[in-house]
Amino acid sequence: MQYFPIFLDTSELQCLVVGAGEVAARKIELLLKTHAKVTVVAPWACDTVLRLQSAKKIQFHQRVYQASDLAQQQLVFVATDDAEVNRQVHDHARAQNVLVNVVDNIPLCQFITPSIVDRAPITIAISSGGVAPVLLRYLRQKLESVIPQNVSLLGQFSEKFRDVVKHTLKSVTARRFFWEDVLDGDIAENVLLGNAALAEEKLLAKLADDANAKQQGEVYLVGAGPGDPDLLTFRALRLMQKADVVVYDRLVSPQIVELVRRDAEKIYVGKAKSKHTVPQEEINELLAREALAGKRVVRLKGGDPFIFGRGGEEIETLVARGVNFQVVPGITAASGAASYAGIPLTHRDHAKSVVFATGHLQDNSINLNWQGLAQPDQTIVFYMGLTGLGIICQQLVKHGLPETTPIAMVQSATTPQQKVITGTFADIQQKAEAADIQPPALIIVGSVVSLHEKLNWFTSTGS
Ligand code: SAH
């Protein structure tokens, strides 16, 4: 981020504008929406500037710029059509530590002004850092259309009750819960509809209730899906944006962690294979402890929490401690990998059942009902099977599947790094090695794999 976004308090701000043509006028009008004191210097002025001068909104000096004009100023906008003057003002401003913006000349701008969606007291400022103005205009239009005009009513309503809420609810978290409920529910709805009196009555009733209630934390066990953030559920996203604490591990992609509420405490608990940074019991304890302290804890899990996710163990501890919780399902890796690799897990001509199994090695073997797995017309998906690939192939052949059975490996399914390789029990190991397949990877076994060639649609940047 090259430009640091801030909002300046303008109540004491002195601002100089050099130039008084139409371009300068637009900046002046923008400044006049604030409390800044605006001084304008230029040898001539357009009608707008003259009008603002006669309305006493600005101080206008009709003459050429001189270096002493910068004295007492904190900001300067330069908008003359003389490149030499623009540069000169820029150089003087830099020397005197006055923040300078030469309009439409990024190299001479120490700060840039964002594009604004104005719903005072709510102001949304967006910027492309000057590099994609058309995209920026497009995004702004989108924002304008999705943010209701009367959201400003909500802003004013919140402002009106800010102090009394602060005074009544002492903890920051309690206040946040309060305002989230207000904005999420029928109180805000009433404000937006213009029923301010009813909204006010309900708000005060709720405030009295909340002041008497003991703050209860909660744990949300949330499936984050296989990697692509677009595959999160709406509920997952909503809870992630409400969280006080987020506990996540390696399978949760950084793009998904980015979507968590910015102020939430983010706790990484590892879980790379054979590098368990935090033991499971400690994770269970951590969730209970944070919730009992009144916080809203999101436990983010790759895929689905109840499929090889140890989600069951985590909530058993919560039940034992009397902590409230919810479970939010996610798209499991098998579904994600199958869809994005074009391998339907069932198909009328190929498979009538599908089994999810763990390929996790323990003491160099995998303890599974191999006979039950090695069935015709069945798809088998192995999670955690990368290291055990050789044993999986051996066992399935030993229990009756032909050596020519199609098998696929899908690495980092649904992400830009997705890689898919296909083969048979006879050659998949060598192919996996040649393709340097890395975790997380899923193994799909069965004749459905033969459809990959025809149904493959997802092109990742990584393969
Ligand atoms: N709860 C998770 C599974 C966790 S077990 C879920 O429902 O998906 C971890 C295993 O999941 C990994 O060893 C790998 O086999 C598989 N896995 C998870 N994400 C994956 C991905 N994006 N691509 C391929 N396999 C993945």
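Tabulated data
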{"item": "Matching helices (runs of 4 or more DSSP H) fully within the range 278-367 where at least 2 residues are more than 12 Å from the ligand (Cβ to nearest atom)", "result": "280-292, 311-321"}
{"item": "Output for the range 437-455, where each listed residue is more than 16 Å from the ligand (Cβ to nearest atom) and either open to solvent by less than 50 Å² (accessible area, probe 1.4 Å) or over 20 Å from Ile331 (Cβ atoms) (or both)", "result": "Gly446, Ser447, Val448, Ser450, Leu451, Glu453, Lys454"}
{"item": "Complete set of residues in the range 31-54 that are open to solvent by 60 Å² or more (accessible area, probe 1.4 Å) and not in a helix (DSSP H, G or I)", "result": "Lys33, His35, Lys37, Pro43, Trp44"}
{"item": "Filter result (more than 16 Å from Glu159 (Cα to Cα) and open to solvent by 50 Å² or more (accessible area, probe 1.4 Å)) within the range 182-193", "result": "Asp184, Asp186, Glu189, Leu193"}
{"item": "Residue in the range 58-77 that is under 30 Å from Arg119 (Cα atoms), assigned to a helix (DSSP H, G or I) and either out of contact with any Cys (no Cβ under 9 Å at 6 or more places or on another chain) or not aromatic (Phe, Trp, Tyr) (or both) present", "result": "no"}
{"item": "Tally, over the range 1-30, of residues that are open to solvent by 20 Å² or more (accessible area, probe 1.4 Å), in contact with a Phe, Trp or Tyr (Cβ under 8 Å, 6 or more places away or on another chain) and not aromatic (Phe, Trp, Tyr)", "result": "1"}
{"item": "Selection status of Gly217, away from the ligand (no atom under 13 Å from the Cβ) and touching a residue at least 40 places away in the same chain (Cβ under 8 Å)", "result": "yes"}
{"item": "Test set (1) of a type outside the set (Phe, Trp, Tyr); (2) open to solvent by 20 Å² or more (accessible area, probe 1.4 Å); (3) touching a residue at least 40 places away in the same chain (Cβ under 8 Å) - His61 fails condition number", "result": "(3)"}
{"item": "Residue match in the range 409-420 (condition: more than 16 Å from the ligand (Cβ to nearest atom) and open to solvent by 20 Å² or more (accessible area, probe 1.4 Å))", "result": "no"}
{"item": "Single match in Lys202, Lys206, Lys214 (criterion: within 26 Å of Glu290 (Cα to Cα) and open to solvent by 50 Å² or more (accessible area, probe 1.4 Å))", "result": "Lys214"}
{"item": "Number of the condition not met by Ala196 [criteria: (1) within 16 Å of the ligand (Cβ to nearest atom); (2) open to solvent by less than 70 Å² (accessible area, probe 1.4 Å); (3) not hydroxyl-bearing (Ser, Thr, Tyr)]", "result": "(1)"}
{"item": "Evaluation of Ser115 against (1) in contact (Cβ under 8 Å) with a residue 60 or more places away in the chain; (2) open to solvent by less than 70 Å² (accessible area, probe 1.4 Å) (one fails), failing number", "result": "(1)"}
{"item": "Ala434 being open to solvent by less than 30 Å² (accessible area, probe 1.4 Å), modelled with pLDDT of 95 or more and either under 38 Å from the mean Cα position of the chain (by Cα) or within 14 Å of the ligand (Cβ to nearest atom) (or both)", "result": "no"}
{"item": "Selection within the range 16-57 - of a type in the set (Asp, Glu) and in contact (Cβ under 8 Å) with a residue 12 or more places away in the chain", "result": "Glu22, Glu29"}
{"item": "Matching option when the condition is among the hydrophobic types (A, V, I, L, M, F, W, C), more than 25 Å from Gln149 (Cα to Cα) and under 27 Å from the mean Cα position of the chain (by Cα), among Leu221, Leu192", "result": "Leu221"}
{"item": "Residue satisfying condition, being within 16 Å of the ligand (Cβ to nearest atom) and in contact with a Leu (Cβ under 9 Å, 6 or more places away or on another chain), within set Phe458, Phe425, Phe382", "result": "Phe382"}
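The values are calculated or read from the model by the stated rules, or taken from the named source; none is laboratory data. Note that this is a predicted model, so its numbers are computed, not measured. Quick reminder, even Gly has a Cβ in these numbers, built from the backbone with ideal geometry, and neighbours come from all protein chains shown. In case anyone asks, the SASA skips ligands and DNA or RNA and just uses the protein heavy atoms, side chains included. Shrake-Rupley method; radii C 1.70, N 1.55, O 1.52, S 1.80 Å.
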